[in-house]
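S.K.: Can you keep this structure in mind? I'll have questions shortly.
The values are calculated or read from the model by the stated rules, or taken from the named source; none is laboratory data. Predicted model only: the values in this text are computed from it and were never measured. Positions of Cβ are generated from backbone atoms using ideal geometry, with glycine treated the same way; all protein chains shown enter the neighbour counts.
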Amino acid sequence: MTREELMKMSKKELKDRLKDLGKNAQALSGQELTDAMDEARTIGEILDEIKAREDLMAAAQAAGGTDPEDTGDGKPGENGSEPKNQVREKSGKALKDGKKVSYKAKALANPRNALSTATGVVMPHHTSPDIMPTFNNVSSLIDRVRTVPLVGGESYQRPFVKSYGDGAGSTTENTDYNTSEPTFGYADIVREKITAYAEEPEEMSKLPDADYDGVVEESVTRAIRRYASRQILVGAGGTGKFRGIFYNPTSSADDIIDRNTDIFTITAIDDGTLDEIIYSYGGDEDVEDMAVLILSKKDLKKFAKLRDKQGRKVYTIMNHGNTGTIDEVPYIINSACAEIGGTADAYCMAYGPLSNYEVAIFSDIDAQKSTEYKFKQGQIAYKACVFMGGNVVAKNGFIRVKNPGA
């Protein structure tokens, strides 16, 4: 949809449209995926503009906007519609009638609203009603893999096909048929308790100009998302732990991703790196589509800086924040990936359909605020907890790129 069409939609319709784009993301590729990401970014910009207008209106109202019951003639005189004159008129009438009148305390002192310069001139001081965020530290990988809600569960098994069998062949008369049976495996997903905790002084929650309290509360939830997103790659397995894409069981017989398929011949990113990864993945009969490359920002930078002998870029890269495309191959940045040419035996990249990894959510995120734990110190405590687990759920669901050994 065009920006003009989106501008005509309501706030709820925009959010619903954004949800639909997210649901259909797995089925898109190439230009369709790029167009969907552009549309999602446009929707985000429009929603930001709507929020900015709402904040501006709220700030104007809080500052003492025009009284909706005002019947003045719009002039700044005694009976006009100027808010200051209305207040003065009411106060003056109350004083004449012998009634009590209250004035705002800031008329006496308000150091937050005035700033004295070195020359003694008092300058107005304004404070923004919101807080500028820092750089994103959560990979969108957590939002792109398959998610299964299993609230109240303890563990989960996902069956998958190991092979379809390849025993068909010629048979002479009166002899047994060739055996060709599919074999199955099971991916175990166990729940891991993930927690985050933060404290802030009670004075922070009393500051009127920005939601410091909300930022701290959100940060504990964001920390959980960041941890889970990293564990999708580097989860160490074992009791009560994520089993990441880079995880290898103790016995190779238990591998879901056969460790012998790992690519360890890439020591530097060159003009053949992307082809090596793409054509190494999948079976002998197909070149798989709908796959995503997971890599570090450092390696993405190497793709972007690569030039041919004429000084032209080797790869066409489209950046959309945490995601984008390299020669129309979708990518996701995740800081859990090591760097090509860096630490020996470290996993650097993974390539495959993100639906081949499954995250089971065994509980809702339980976020709580307490003013009692450190009451004496005047500290407000926040904690958040969730039970989640994850595992690769398809045989050789990803191809992995690994630095060669030392």
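S.K.: Would you confirm, using the coordinates I've provided, whether Arg17 is surrounded by 13 or more Cβ atoms within 10 Å (Cβ to Cβ), under 30 Å from Asp327 (Cβ atoms) and of a type in the set (D, E, K, R)?
M.R.: So Arg17 fits the description; yes.
S.K.: Moving on. Among the residues that make up segment 361-372, is at least one of them touching a Gly at 6+ places or on another chain (Cβ under 8 Å) and modelled with pLDDT of 85 or more?
M.R.: yes
S.K.: Identify all residues within segment 238-265 that are polar (S, T, N, Q) and either crowded, with 17+ Cβ neighbours inside 10 Å or outside the structural domain of Tyr281 (by TED's automatic domain parsing) (or both); write none if there are none.
M.R.: Hit for segment 238-265 is Asn248, nothing else.
S.K.: Can you report the number of residues in segment 196-236 which are of a type in the set (Gly, Ala, Ser), at pLDDT below 85 and out of contact with any Ser or Thr (no Cβ under 8 Å at 6 or more places or on another chain)?
M.R.: The qualifying residues number 3.
S.K.: Sticking with this structure for a sec: Test of understanding: among Arg17, Arg88, Arg3, which residue is modelled with pLDDT of 80 or more, outside the structural domain of Thr323 (by TED's automatic domain parsing) and among the basic types (Lys, Arg)?
M.R.: Just a single option satisfies the conditions, and that option is Arg17.
S.K.: Another question, if that's okay. Looking at segment 265-307 only, could you name the residues that are aromatic (Phe, Trp, Tyr) and at pLDDT below 95?
M.R.: Scanning segment 265-307 gives Tyr279, Tyr281.
S.K.: Could you tell me which residue of segment 283-313 is farthest from the chain's Cα centre (by Cα), considering only residues that are in contact (Cβ under 8 Å) with a residue 60 or more places away in the chain and in a loop (DSSP other than H, G, I, E, B)?
M.R.: Glu288
S.K.: Would you pick out the residues in segment 340-357 that are within 19 Å of the chain's Cα centre (by Cα) and surrounded by fewer than 22 Cβ atoms within 10 Å (Cβ to Cβ)?
M.R.: Passing the criteria: Pro353, Ser355.
S.K.: Now for a different question. When you go through (1) free of Cβ contacts under 8 Å to residues at least 40 places away in the same chain; (2) crowded, with 19+ Cβ neighbours inside 10 Å; (3) among the β-branched types (Val, Ile, Thr) one by one for Thr316, which number turns out not to apply?
M.R.: In the conditions (1) free of Cβ contacts under 8 Å to residues at least 40 places away in the same chain; (2) crowded, with 19+ Cβ neighbours inside 10 Å; (3) among the β-branched types (Val, Ile, Thr), Thr316 misses (2) alone.
S.K.: Here is a follow-up. Residues in segment 261-272: is at least one free of Cβ contacts under 8 Å to residues at least 12 places away in the same chain and of a type in the set (S, T, N, Q)?
M.R.: no
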